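**Q** Please read through the structure below; I'll follow up with questions.
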Amino acid sequence: MIYHCSNPKCRAVIEGDGIEFCPSCNRKLIPMSEEELTGRDWSSLGVFWMSASHIDHDRCYSCFQKAAKEGDAWGICNLGWCYEDGIGVEKNPEEAVWLYRQSAQMGYVPAISNLGTCLERGFGTPVDLKEAVDCYRKAAEHGFPRAQRLLSACYHAGRGVFKNEKESVAWLKMAAMNGDEVAQTWLGARYEKGNGVSKNLEKAFRWYKKAAKSNYSVAQLCLGRCYQNGIGVVQDKEEAVRWFQIAAGNGEAEAMYYLGRCYELGDGVAADEEKAANWYFCGAKKNEPACQCNLGWCYEVGYGLPKSMKRAAYWYHESAKRGIAGAQCNLGWCYEHGEGVVQSWEEAANWYLLSAKGGHPRGMHCTAWCCQNGKGMEKNIQQAISWYEKAAELDYSASQCNLGLCYEKGIGVKKDIKQAIYWYQRAAQQQEWDAVCNLGHSYIYGIGLEKDPQRGIQLYMDAAEAGFPRAFCNLGWHYENGQSVEQDYQKAIAYYKEAVKRNFMPAINLLAACYQDGKGTEKDEEKALELYYQGAEKGDSNSQLALGKILEQRGELDQNSQKDAITYYKMAAEQDNQKAIFELARCLYYGIGLKQDQEKSEELCQKLLSETSEENIRQKVQSLLNEMQKHKT
C-alpha cells in the first residue's frame, strides 16, 4: 500500500502495510493508488526505498524511472544516479551523464552539480575542467552547498580555473555555513594546519564538532584527535576514545586504527590486547593500510591473536602494496628470513628499497646493508653509504653504528676515526649496544679516543647488563686472553655460554675452542666437536672453518672426512671468511679432498692478497705463492 503524508509541507510518500503516521513528521498518512502518483510523488517514493532501514534497489530504480517518464527533474537526476552507481540497474556512465544533462537543462541544481563532477572526473564524458567549473559555479550561486565545496576545491588546486586561495576559502566557508558537513570538516582542517587561513585551533575544533554532530564520521575522527592531543580543546583521552568509537561505529576505518592504538597503549581506556587486535582486524578488512600493517604485527608476535607468520606476511603485503613504508620494510624482513613466505633476497631487497624511498629509516638501513653485501641487488658500497647516511641523519641508531664502522675501516669512505667515534657516540646515546661495544673497543686500544681499558671494559659490562650477546662474547675473549682484565678461563667460559645462550654464534666457536684446549674446563674434544657442528649448522663461518680443520686432520685416515672438510671450508669461504679461502687455496694446491688445481689456487691467493689487510693471512698466502713459484721454476 502506498501512502502520502497529510502535511502539505512534508509531502513524503511511503510504501508498506498498516502504517498510520508519517515517519518524518508524525502526521496522519493517506492511502493512494499508483495512478494518483505524480512525477514528484514517484521521486519521493524512490527516496523512501533508498533508506538504509528498508532499502530496495530494484524498487528505487523503478520509482525514479516512472518519475523520469513523468518529466520530474528530481526523478531524472536520481535516475542518473542509479546509472552512475549501478542502483537497481547495470552501471552506464554515458546514460548517467545524459540524464544529468536533461535534469540540469530543466534547472535542477543538484543535477548541475552532478554533471560537474562527471566532467571533472571524465565519467561518461571526456574531461572538461572548464565546463565542470562552470557547472559548480552555477549550482554554487544557487546556494547548493556541495557545489560550493567542489568549486572551493577547484580554486584550491587550480583545476579548470586559476588557483586562488581567497576564492577557495570564501566558497568553502559558504558551503560550511550552509550546513555541508564535508566542507565543515575541510574548513576545520584548514584552520588546524593554517592552510589558506590563519592557524586557529579553536576554530578548527568548533568546525569539526559541528560536522561531527551531523554524524559525519570523518569529522568524528578529527574531533577524537582533537581531544586526544589537546587541539583547540583541553586534552581529554576518554572523550577522544568515545568519539573514535562513534566514528568507527559509523564505518570510519581510520578511527578503527586509532581505537586499536588506544587499546594497545592503554591511552584513554584500559589496555586490552584482544580489543586492539580486533579493531586492527576490522580496519584491515576495510582496506585501511595502517590497520593492515598493525594486524600483521599482531600475527607476527602473537599480540591478541594466535601467532601466524603466514597471516602476518599476508597483511604486511596488503598494507605494503598500499604504500605503507613500515609494512614494506616488515615484508622485506619476512622475505629475508623466509618467514610466512618463500625466502627470497630479491623480494626482500625490493621491498626494503620501496620502504627506504618512502622515508622509513629501518628500510633505509636494510637497503644499505643489502647494497653493502650484495644481497638481492648488485653490490654497491657507495649506495650503501648514501642510505646509511640518510637513516643516520634521521637518528636511526643501527645505521649510525654501521656508518661509524665504515669510517673506522674505510669502507666506501675515506678512513676517518674522528667521524667513526662521532657516529658511535650518537648511536650509543640511544643505547645501540653494538655502538657501545665499538666505543668500548676504541677505549681499550686507544682508537680515536684516549686509551682507557677500564672504561672500555665497563662499557662491555653495561652492554652485557642490558643482555646484549656480543658484549658477553667480548668479555669472554678478554678474560680468556687476559687483555685489560686479569686472565680467568672460568669467567671466559661463563661469558661465552651467556653469549651462546642468546644465539650469538661467534661465541660458540670460542667456547668450543676452550673445550678443545681444556681452558677453564676439562679437555673435551667431543664436546668441542658438538659445538663446532652446532655453530656450523647455524652459519657461523669460524665454526665451519674449525670443523673443516678437524675433519681434514681425520681425513689422513678417512678420505670421506677430507671431502667433508672441503664442504665446510667452502661454506665458510662463501661468507668471505678469508682464513677459509686460504685453506681452500691450500687444498687446491696440494689436492687435499678435491682435484689438484694450481691455477685456481693461485687465483684465490692473488685475490686474498688484494683484499686482506690481516698480516697473518698475508704471510701464509705469500708463503704458498712462493712455493708455487719454486715448482714453476
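The values are calculated or read from the model by the stated rules, or taken from the named source; none is laboratory data. Bear in mind the structure is a predicted one, so any value in this text is a computation, not a measurement. Please note: Cβ atoms are built from the backbone with ideal geometry, for glycine as well, and neighbour counts cover all protein chains shown. All accessible areas refer to the heavy atoms of the entire protein, side chains included, with ligands and DNA or RNA removed. Shrake-Rupley method; radii C 1.70, N 1.55, O 1.52, S 1.80 Å.
**Q** Testing TYR515 on (1) assigned to a loop (DSSP other than H, G, I, E, B); (2) over 20 Å from GLU408 (Cβ atoms); (3) not polar (S, T, N, Q), one condition comes back false. Which one is that?
**A** In the conditions (1) assigned to a loop (DSSP other than H, G, I, E, B); (2) over 20 Å from GLU408 (Cβ atoms); (3) not polar (S, T, N, Q), TYR515 misses (1) alone.
**Q** Of the conditions (1) in contact with a Leu (Cβ under 9 Å, 6 or more places away or on another chain); (2) open to solvent by 70 Å² or more (accessible area, probe 1.4 Å); (3) not aromatic (Phe, Trp, Tyr), CYS370 satisfies every one except a single condition; which number is it?
**A** Of (1) in contact with a Leu (Cβ under 9 Å, 6 or more places away or on another chain); (2) open to solvent by 70 Å² or more (accessible area, probe 1.4 Å); (3) not aromatic (Phe, Trp, Tyr), only one is false for CYS370: (2).
**Q** Among the residues of region 365-404, which ones are among the aliphatic types (A, V, I, L, M) and part of a helix (DSSP H, G or I)?
**A** Going residue by residue through region 365-404, those that are among the aliphatic types (A, V, I, L, M) are 368, 377, 381, 384-385, 391-392, 394, 398, 403.
ALA368, ILE381, ALA384, ILE385, ALA391, ALA392, ALA398, LEU403 - these are the residues of region 365-404 that are among the aliphatic types (A, V, I, L, M) and part of a helix (DSSP H, G or I).
**Q** Among the listed residues GLN534, GLN596, GLN553, identify the single one that is under 47 Å from the mean Cα position of the chain (by Cα) and either under 30 Å from ILE493 (Cβ atoms) or not in a helix (DSSP H, G or I) (or both).
**A** From the options GLN534, GLN596, GLN553, the qualifying one is GLN534.
Yes/no per residue for (1) of a type in the set (A, V, I, L, M, F, W, C); (2) modelled with pLDDT of 85 or more; (3) over 20 Å from SER53 (Cβ atoms):
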| position | (1), (2), (3) |
| --- | --- |
| ILE14 | yes, yes, no |
| CYS22 | yes, yes, no |
| LEU37 | yes, yes, yes |
| ARG40 | no, yes, yes |
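**Q** Kindly indicate whether LYS173 is outside any loop (DSSP other than H, G, I, E, B) and over 29 Å from SER217 (Cβ atoms).
**A** Judged against the criteria, LYS173 is not a match.
**Q** Looking at (1) in contact (Cβ under 8 Å) with a residue 24 or more places away in the chain; (2) within 23 Å of GLY467 (Cα to Cα); (3) surrounded by fewer than 17 Cβ atoms within 10 Å (Cβ to Cβ), which is the one condition that is false for LYS497?
**A** Condition (1) is where LYS497 drops out.
**Q** What is the number of the single condition among (1) farther than 19 Å from ILE550 by Cα; (2) in contact with a Ser or Thr (Cβ under 7 Å, 6 or more places away or on another chain) that ARG470 does not meet?
**A** (2)
**Q** Then there is this: In region 409-422, is there at least one residue being open to solvent by 70 Å² or more (accessible area, probe 1.4 Å), over 24 Å from PHE468 (Cβ atoms) and under 30 Å from the mean Cα position of the chain (by Cα)?
**A** Within region 409-422, none of the residues are open to solvent by 70 Å² or more (accessible area, probe 1.4 Å), over 24 Å from PHE468 (Cβ atoms) and under 30 Å from the mean Cα position of the chain (by Cα).
This table checks each residue for (1) surrounded by fewer than 16 Cβ atoms within 10 Å (Cβ to Cβ); (2) in contact (Cβ under 8 Å) with a residue 40 or more places away in the chain; (3) farther than 20 Å from LEU588 by Cα.
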| site | (1), (2), (3) |
| --- | --- |
| ALA513 | no, no, yes |
| ASP517 | yes, no, yes |
| GLY539 | yes, no, yes |
| ALA546 | no, no, no |
| GLU552 | no, yes, no |
| ALA573 | no, no, no |
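**Q** Here's another thing I want to ask about it. Taking GLN483 and the conditions (1) open to solvent by less than 40 Å² (accessible area, probe 1.4 Å); (2) in contact (Cβ under 8 Å) with a residue 12 or more places away in the chain; (3) over 20 Å from LEU403 (Cβ atoms); (4) not aliphatic (A, V, I, L, M), which numbered condition does it fall short on, given that it satisfies the others?
**A** The one condition GLN483 does not meet is (1).
**Q** Please work out if GLU95 is open to solvent by 60 Å² or more (accessible area, probe 1.4 Å), touching a Phe, Trp or Tyr at 6+ places or on another chain (Cβ under 8 Å) and closer than 28 Å to ALA67 by Cα.
**A** So GLU95 passes the test.
**Q** What's the number of the only condition in (1) in a helix (DSSP H, G or I); (2) surrounded by 15 or more Cβ atoms within 10 Å (Cβ to Cβ) that SER610 fails to meet?
**A** SER610 satisfies all of (1) in a helix (DSSP H, G or I); (2) surrounded by 15 or more Cβ atoms within 10 Å (Cβ to Cβ) except (2).
**Q** Limited to region 423-433, what total is found for residues that are part of a helix (DSSP H, G or I) and open to solvent by 40 Å² or more (accessible area, probe 1.4 Å)? Walk me through it before giving the result.
**A** Going residue by residue through region 423-433, those that are part of a helix (DSSP H, G or I) are 423-428, 433.
Of the ones still in play, those that are also open to solvent by 40 Å² or more (accessible area, probe 1.4 Å) are 425-426, 433.
Result for region 423-433: 3.
**Q** Applying the selection to region 140-165, what residues are basic (Lys, Arg) and touching a residue at least 12 places away in the same chain (Cβ under 8 Å)?
**A** ARG146, ARG149, ARG159
**Q** Any idea how many residues of region 503-522 are among the hydrophobic types (A, V, I, L, M, F, W, C) and more than 11 Å from ALA546 (Cβ to Cβ)?
**A** Residues meeting the conditions: 5.
**Q** Identify the single condition in (1) surrounded by 16 or more Cβ atoms within 10 Å (Cβ to Cβ); (2) farther than 23 Å from VAL182 by Cβ; (3) out of contact with any Pro (no Cβ under 9 Å at 6 or more places or on another chain) that GLU90 does not satisfy, given that it satisfies every other one.
**A** (1)
**Q** Shifting gears a bit: If LEU79 meets every condition in (1) surrounded by fewer than 14 Cβ atoms within 10 Å (Cβ to Cβ); (2) more than 18 Å from MET1 (Cα to Cα) apart from one, which number is that one?
**A** For LEU79, the failing item is (1).
**Q** If you don't mind, another one. If I filter region 434-442 for residues that are under 32 Å from the mean Cα position of the chain (by Cα), open to solvent by 40 Å² or more (accessible area, probe 1.4 Å) and under 15 Å from SER397 (Cα atoms), do I get at least one hit?
**A** Within region 434-442, one or more residues are under 32 Å from the mean Cα position of the chain (by Cα), open to solvent by 40 Å² or more (accessible area, probe 1.4 Å) and under 15 Å from SER397 (Cα atoms).
**Q** May I pose another question? Go through the residues of region 342-364 one by one and say whether even a single one is β-branched (Val, Ile, Thr), open to solvent by 50 Å² or more (accessible area, probe 1.4 Å) and modelled with pLDDT under 95.
**A** Among the residues of region 342-364, not one is β-branched (Val, Ile, Thr), open to solvent by 50 Å² or more (accessible area, probe 1.4 Å) and modelled with pLDDT under 95, which makes the answer no.
**Q** Here is a follow-up. Are any of the residues in region 119-126 part of a helix (DSSP H, G or I) and under 35 Å from the mean Cα position of the chain (by Cα)?
**A** Yes, there is a match, as at least one residue in region 119-126 is part of a helix (DSSP H, G or I) and under 35 Å from the mean Cα position of the chain (by Cα).
**Q** Select, from GLY124, GLY107, the only residue that is modelled with pLDDT of 95 or more and open to solvent by 30 Å² or more (accessible area, probe 1.4 Å).
**A** GLY107
**Q** Please go through region 311-325 and give me each residue that is under 16 Å from LEU353 (Cα atoms) and open to solvent by 20 Å² or more (accessible area, probe 1.4 Å), ordered by number.
**A** Correct list: HIS317, LYS321, ARG322, GLY323, ILE324.
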